[in-house]
Each structure stands twice: as structure tokens, then as C-alpha cells.
Amino acid sequence: MIKILNIVGARPNFMKMAPIISAIRRRPDKLTQVLVHTGQHYDEAMSASFFRDLEMPPPDINLEIGSGTHAGQTAKVMLAFEPVLIAQKPDWVVVVGDVNSTLACSLVAAKLNIKVAHVEAGLRSFDRTMPEEINRILTDQLADLLLTPSADADANLLREGIAKEKIVRVGNVMIDTLFTQLEKARSSAILDRLSLSPRSFAVLTAHRPANVDDALTLRRIISAIEKVSAELPVIFPAHPRTQARLREFGIAPPPQLKIIEPLGYSDFLKLWSNARLVLTDSGGLQEETTALGIPCLTLRDNTERPITVEQGSNRVVGRSPERILAAALEVLSADSVRTARIPELWDGHAAERIIEALLKS
Ligand code: UD1
């Protein structure tokens with residue numbers, strides 16, 4: 001029997017871990033699992049609602065770390081996780097994505113000589129000012145099994161000297177969740193609640209420190225969105241960090257930009273999948289919009305997910321108000337959506353391939 005310790009910490013982890021938990025459950029002859037939540041995200045809207053929507057089992061262990069500086073948060077996860085790992089003695093620690101919890105738990109496991117599998121390995125923005133980029137590079141250096149979503153990720157890892165035998169391309173596990181949840185999301189009442197009809201609105205998300213922690217940058221983004229919102233209503237489910245910054249900087253959003261609380265998975269899926277346009281600085285949403293062919297403008301200077309631009313419906317437009325507006329108008333005036341392709345292995349079966357790779361390693 002192989003014992004797997006699964007790690008989740010922050011919102012973007014939950015939709016990546018849910019299909020892995022289900023796939024492990026389908027192999028009770030070979031696999032057992034324990035779910036550890038670091039507690040990096042702890043609000044109902046940022047954590048508990050995802051467990052419900054995605055029908056995930058409650059965590060077996062919650063480290064209850066909470067918010068903090070990068071060093072503080074990472075260190076607290078490490079200190080709390082080490083005794084858990086010593087007591088649990090798993091064969092594998094499975095980490096997903098690029099949040100502080102991903103790196104902290106990988107580092108603890110590697111030092112205890114416990115094997116680490118990293119799901120979503122190999123993505124690179126080549127921008128080390130992003131905390132996630134540091135987490136990605138270091139986690140990949142520590143991992144024993146690197147499970148990648150696309151060929152560009154394999155190439156990045158090989159370039160960094162990772163042994164070929166450790167890399168397995170499994171596809172995009174978040175898209176497993178997207179496909180599983182689509183039917184359920186149809187019954188979400190979010191459009192009625194916000195009095196919206198399909199394709200008549202845009203959706204905005206923004207929470208990257210580079211976009212929201214600097215008053216001038218945040219003001220410029222909001223001013224660009226103000227111009228977009230003259231064309232169609234923009235719905236903005238705002239991350240707690242962004243809400244705090246808007247208050248702190250005294251930025252009053254225009255009336256056509258509707259700020260709401262962060263949504264759970266089903267409501268948010270229903271919302272963005274019915275949008276005419278998505279504007280975001282999220283990593284995951286660039287991929288999800290590609291999977292459904294919804295036009296996406298990424299409000300960053302780079303992306304660690306270039307396949308969403310090369311094959312999908314994503315465009316990286318930066319933070320200049322003029323560029324954002326011009327790109328938005330282009331999307332809105334287009335008669336038909338630019339043809340987007342769903343990348344190879346984004347087929348809803350990535351979790352099964354992850355389990356196969358774990359069983360073979
Ligand atoms: C983290 C991830 C980021 C991911 C994002 C999704 C890192 C380095 N970053 O960023 O990659 O895209 O999650 O949301 O791990 N807060 C709450 N309630 C919560 C969680 C956070 O109010 O449940 C507020 C706190 O004020 C906190 C701030 O949000 O200080 C930032 O939270 P933190 O976990 O440090 O990073 P995120 O910006 O959420």
C-alpha cells in the first residue's frame with residue numbers, strides 16, 4: 001500500500017487537488033491518502049466554499065497558518081508541517097501549483113527524504129519579482145516527480161537541468177475539475193442574482209501584488225476598466241487583498257464596475273463562462289477561459305502559461321489603460337470569437353495520469 005499526503009493551502013490549490021483525491025479513492029487496493037490544509041487561506045469564501053462546491057472531503061489535518069509576510073507564512077507552514085510529516089510517514093507528498101504552502105511543504109519533505117510529486121511543474125513567467133515564480137523554481141528543484149501540463153513546461157525543466165526521467169506530462173488537472181463541474185454550475189443562480197444575461201457583461205479579477213499593492217498601478221487598472229465599463233457592465237469579484245487596497249488607497253470604482261465578494265467555484269464558473277470577455281491577472285483563469293474558448297485579456301506583462309496565448313483565447317495586454325481598452329474594444333467588436341484550440345491532454349483525465357505516474361515511480 002502506498003501512502004500519499006496531499007497538500008492544499010490557498011484557493012487555486014483546491015480545484016487542482018479535488019480530481020487527484022477522487023482518482024486516489026478509485027484505487028483503494030493500492031493507495032491511501034491524508035489531506036493536509038495549511039490554512040494559508042481560511043475565509044469561508046476563499047476556502048470552505050470550495051470544499052463544498054468541489055465535494056472534497058474535509059482536511060484530515062489543518063495547520064491553521066493564516067496570513068503573514070512571505071517569510072513568516074512560509075516558515076510557519078514549515079514548522080507546523082514537520083511534526084505532521086514525521087508522524088504520518090507517507091511514501092509521497094503531493095503538492096500542486098505555486099503558492100507559499102507548495103514550497104514550504106516541499107522543502108520540509110525533501111529534508112526528511114520523503115518523495116515529493118509536484119503537479120503543475122515547469123511553468124515559468126521568467127519574472128522573479130513574482131513570489132509564485134520563486135516558489136515554482138524551488139519546488140521543481142526539490143521534487144522527485146514533476147507532473148507537467150504542457151510541452152513548454154517540459155522544456156523549461158530540461159533547460160534547468162532536471163533529469164528527463166523525473167518529468168511526466170500529464171496535462172492540466174484543473175481542467176478535469178472544470179469539465180466535471182460544468183453541469184452543476186448550470187444550476188447556479190448567479191446571473192439572475194446579478195440581473196445579467198449571457199454575453200452581455202465582462203468579468204474582472206485582480207489580486208497580484210504587482211497590480212494591487214501599488215496605488216498608481218491599481219488606479220491605472222481601474223481607470224482602464226472604467227472605460228471598458230462604458231461599453232458593458234463589468235463584474236469584479238474582488239479578492240480580500242484587493243478590497244483592502246481599494247479602501248486603503250481611497251479608490252472609488254465607477255458605478256458600471258460592480259464589485260462583489262469572491263465567489264465559490266460553481267457561481268464563478270457560471271459567471272465567467274457566460275461573459276463576453278474576461279480581464280484577469282490570475283493564472284488559472286487564463287487556462288480555464290482557454291478550455292472554454294472565452295476571450296481573456298491578461299493584465300500582466302508576462303504569463304507562465306504561454307500555451308493559452310499560442311493555442312487558446314488569451315492575450316497578454318499589460319497594465320497600460322490604452323492597451324487594455326484597445327484590446328477590449330477589439331474583442332467586443334469582433335463578429336466571431338478568435339478560434340481557440342484546447343491544448344493537448346487538457347481532456348479531463350489528467351488526474352488518472354497523475355496516479356499512473358505515482359504508481360510507476
Ligand atoms: C495567494 C498565492 C497566489 C494565488 C492567490 C489566490 C502565494 C505566494 N500567493 O496569494 O499565487 O493566486 O493566493 O488567491 O502563495 N486574505 C484573507 N482571507 C483569506 C486569505 C487571504 O483575508 O482567506 C487576505 C489577507 O489580508 C492576506 C492577503 O489576503 O494578507 C493575501 O493572502 P496570501 O495568502 O498572503 O496571498 P494571496 O494574495 O491570496
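The values are calculated or read from the model by the stated rules, or taken from the named source; none is laboratory data. Fair warning: this is a prediction, and the values are worked out from it, not measured in the lab. FYI the Cβ positions are ideal-geometry reconstructions off the backbone, even for glycines, and counts take in every protein chain you see.
For region 180-214, the candidate set comprises residues that are of a type in the set (A, V, I, L, M) and out of contact with any Leu (no Cβ under 9 Å at 6 or more places or on another chain); within that set, the residue that is surrounded by the fewest Cβ atoms within 10 Å (Cβ to Cβ) is Ala189. Considering region 109-135 alone, what residues qualify as being in a helix (DSSP H, G or I) and within 16 Å of the ligand (Cβ to nearest atom)? Across region 109-135, the qualifying residues are Pro131, Glu132, Glu133, Ile134, Asn135. Taken over region 141-196, the residue count meeting the criterion of being out of contact with any strand residue (DSSP E or B) (no Cβ under 7 Å at 6 or more places or on another chain), of a type in the set (Lys, Arg) and farther than 23 Å from Phe51 by Cβ is 2. Picking from residues in region 234-278 that are of a type in the set (A, V, I, L, M), outside any strand (DSSP E or B) and closer than 24 Å to Tyr42 by Cα, the one that is nearest to the ligand (Cβ to nearest atom) is Ala244. Regarding region 74-91, can at least one residue be identified that is of a type in the set (Ser, Thr, Tyr), over 28 Å from Glu183 (Cα atoms) and either part of a helix (DSSP H, G or I) or touching a Lys or Arg at 6+ places or on another chain (Cβ under 7 Å) (or both)? Among the residues of region 74-91, at least one is of a type in the set (Ser, Thr, Tyr), over 28 Å from Glu183 (Cα atoms) and either part of a helix (DSSP H, G or I) or touching a Lys or Arg at 6+ places or on another chain (Cβ under 7 Å) (or both), which makes the answer yes. Screening Ser150 with (1) surrounded by 20 or more Cβ atoms within 10 Å (Cβ to Cβ); (2) under 24 Å from Ala350 (Cβ atoms); (3) within 16 Å of the ligand (Cβ to nearest atom); (4) of a type in the set (S, T, N, Q) gives one miss only, at (3). Pairing each residue of region 85-114 that is acidic (Asp, Glu) with any residue that is part of a helix (DSSP H, G or I) and within 16 Å of the ligand (Cβ to nearest atom), provided the two are 6+ apart or on different chains, yields C-beta distances under 9 Å for Asp98/Pro12; Asp98/Pro131; Asp98/Glu132; Asp98/Glu133; Asp98/Ile134; Asp98/Asn135; Asp98/Arg136; Asp98/Thr139. When the residues of region 86-102 are filtered to those that are within 19 Å of Ile20 (Cα to Cα) and hydrophobic (A, V, I, L, M, F, W, C), the one that is nearest to the ligand (Cβ to nearest atom) is Val99.
Restricting the first member to region 195-219 and to residues that are within 16 Å of the ligand (Cβ to nearest atom), and the second to residues that are of a type in the set (Ser, Thr, Tyr) and in a loop (DSSP other than H, G, I, E, B), the beta-carbon pairs closer than 6 Å and six or more apart or on different chains are Thr205/Ser282.
Scanning region 1-51 for residues that are among the polar types (S, T, N, Q), outside any strand (DSSP E or B) and surrounded by fewer than 21 Cβ atoms within 10 Å (Cβ to Cβ) gives Ser22, Ser49. Remark: pairs (first residue in region 28-55, modelled with pLDDT of 95 or more; second residue more than 10 Å from the ligand (Cβ to nearest atom) and of a type in the set (Ser, Thr, Tyr); Cβ separation under 7 Å; 6+ apart in sequence or on different chains) = Phe50/Tyr265; Asp53/Tyr265; Asp53/Ser266; Leu54/Thr177; Leu54/Tyr265. Before we move on, is Gly68 assigned to a loop (DSSP other than H, G, I, E, B) and within 15 Å of the ligand (Cβ to nearest atom)? Considered against the rule, which asks whether it is assigned to a loop (DSSP other than H, G, I, E, B) and within 15 Å of the ligand (Cβ to nearest atom), Gly68 comes out as yes.
Could you tell me whether Thr308 is part of a loop (DSSP other than H, G, I, E, B) and polar (S, T, N, Q)? Spelling it out, it is not the case that Thr308 is part of a loop (DSSP other than H, G, I, E, B) and polar (S, T, N, Q). Checked across region 208-216, the condition of being part of a loop (DSSP other than H, G, I, E, B) and either farther than 16 Å from Ile251 by Cα or aliphatic (A, V, I, L, M) (or both) holds for at least one residue.
Residue by residue, here is whether (1) closer than 13 Å to Arg193 by Cβ; (2) among the acidic types (Asp, Glu); (3) surrounded by fewer than 20 Cβ atoms within 10 Å (Cβ to Cβ) holds:
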site: Ile235; (1), (2), (3): yes, no, no
site: Arg245; (1), (2), (3): no, no, no
site: Ile259; (1), (2), (3): no, no, yes
site: Ser266; (1), (2), (3): yes, no, no
site: Leu271; (1), (2), (3): yes, no, no
